[in-house]
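Here the structure comes first, spelled out in structure tokens, and everything after it is commentary.
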Amino acid sequence: MEAEAILFGIQVAQQAECLPMIIESDSIEVVELVLNRKGSMTEISWTVEEIKQRLMNHNTSSIQFAPRKCNAIAHSIAKVASDFENPVIWLEEFPVQIMMLFSKFIN
């Protein structure tokens, strides 16, 4: 699931031409697979390979591990996103649910 979310984020960022990218994930396992620090798990190997290929095409982009406590906003957004049936992509105006979430972290 985490690898698929990372791949989807890369695809959206590339289509929107948001480069370079710094990808942070709280899944140490996926980050280590992408960085070739760990042997591949069969069930996600194709997704990991596509992530690697897309990052290689933009050698100014990177992926790194970020503990969940350091990435609380991203984790909270992921929880809100799990309530949507279809992918939601925004480039300008934030969805109301996300704006409410940000206000909790700002105040």
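Here are some notes:
- Separation in nanometres of the label points that stand 7 Å from Cα toward Cβ, at residue 28 and residue 59: 3.0 nm
- Legend: helices of the chain (whole DSSP H runs) are marked when their alpha-carbon atoms reach 30 angstrom or more along the helix axis and their mean Kyte-Doolittle hydropathy is at least 1.6; nothing is marked.
- Ellipticity estimate at 222 nm from DSSP helix runs (n ≥ 4, -39,500 (n - 2.57)) divided over the chain, nearest 500: -15500 deg cm²/dmol
- For the chain, pairs of C-alpha atoms spaced more than 21 angstrom apart make up 41 percent of the total.
- For residue 24, distant residues with modelled amide H under 5 Å away: 64
- Qualifying aspartates and glutamates (Cα of each under 18 Å from Cα of residue 79; at least 8 residues distant if same chain): 2, 4, 24, 26
- Residues listed by number, segment 11-31, amide nitrogen under 18 Å from residue 70 label point at 7 Å toward C-beta: 21-31
- Scalar couplings 3J(HN,Hα) for segment 60-65, obtained by applying the Karplus form with A = 6.51, B = -1.76, C = 1.60 to θ = phi - 60°, are 8, 9, 8, 10, 8, 7 Hz; x denotes Gly and Pro.
Quick note: the coordinates plus some simple rules give every number you see, no bench work behind them. No experiment lies behind these values; they were computed from the predicted model shown. Every residue, glycine as well, gets a Cβ built from its backbone with ideal geometry; the counts of neighbours run over all protein chains shown.
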